[in-house]
Amino acid sequence: MTTQISANPQDTASTPGRRRAVLTGALWLLQILGGLFFAGSGFGKVLLFDDALYAAAPRAVAWYAAVPQPLIVFIGVVEVLGGIGLFLPSMARVWPKLTPLAGAGLALTMVLAAGFHVVRGEYALVPATVVLGGIAAFVAVGRWRRRPVGPRPLTTGRVLASCAVMAVLIVLVFAPTWYTMTHARF
């Protein structure tokens, strides 16, 4: 009996399994990195509820001058909740269908942001906005259709893990953002 080894990866039986593993890994990576980015960026906008920070903000980010303070804070709240929603429901496996909804909401937010920047002639900001929207849309589609995460019963371990993730988010993302914005000299 002879065994033939093929150099063509399409001939191996594990290719579909490998593709699924790569897709799952890519989704988790983008969920975590995108979630941290959106949560951190959004938290910076939420901090602009403070009138002194809002008054100084346009010197750091030009488009803030064109948007009313309540709208910037609202966008920040949407980004924080969407960022957390990108990974926490799937990780905890409690209402994991919230993850693709968060991705879809963030993708819509980025489409609107790209349109806003085009109208204002801020073309340099459009590519980053499109990439972020693409990441959010990829997570939405991936977790809705391609690799959904199934729900599981709520356990003490899942609650503790979720609390630990939120603590890490606070320490590594929210606290530095708060410190930078409240102690920066614009």
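The values are calculated or read from the model by the stated rules, or taken from the named source; none is laboratory data. Small disclaimer: the values here were computed from a predicted structure and weren't measured. For neighbour counting, all protein chains shown are included, and Cβ atoms are generated from backbone atoms with ideal geometry for every residue, glycine included. Calculation scope for accessible area: heavy atoms of the full protein, side chains included, ligands and nucleic acids excluded. Shrake-Rupley method; radii C 1.70, N 1.55, O 1.52, S 1.80 Å.
Checking each residue in the stretch 146-171 for being open to solvent by 100 Å² or more (accessible area, probe 1.4 Å), more than 30 Å from P16 (Cα to Cα) and either assigned to a loop (DSSP other than H, G, I, E, B) or in contact (Cβ under 8 Å) with a residue 40 or more places away in the chain (or both) picks out only L154. Quick check: anything in the stretch 36-53 open to solvent by 60 Å² or more (accessible area, probe 1.4 Å) and under 17 Å from the mean Cα position of the chain (by Cα)? Looking for residues that are open to solvent by 60 Å² or more (accessible area, probe 1.4 Å) and under 17 Å from the mean Cα position of the chain (by Cα), one finds at least one in the stretch 36-53, hence yes.
Taking the listed residues L125, L108, the one that is closer than 20 Å to S41 by Cα, at pLDDT 95 or above, more than 17 Å from the chain's Cα centre (by Cα) and of a type outside the set (G, A, S) is L125, with no other qualifying. Within the stretch 16-35, take every residue that is at pLDDT 85 or above and over 15 Å from the mean Cα position of the chain (by Cα) and give me the one that is nearest to R93 (Cα to Cα). Checking each candidate, the answer is T24. In summary, T129 fulfils each of the numbered conditions (1) open to solvent by less than 90 Å² (accessible area, probe 1.4 Å); (2) part of a helix (DSSP H, G or I); (3) of a type outside the set (G, A, S); (4) under 17 Å from P89 (Cα atoms) with the single exception of condition (4).
Please verify whether I72 is modelled with pLDDT of 95 or more, over 16 Å from the mean Cα position of the chain (by Cα) and buried (at least 18 other Cβ atoms within 10 Å of the Cβ), treating the condition exactly as stated. Yes; evaluated as a whole, the condition is true for this residue.
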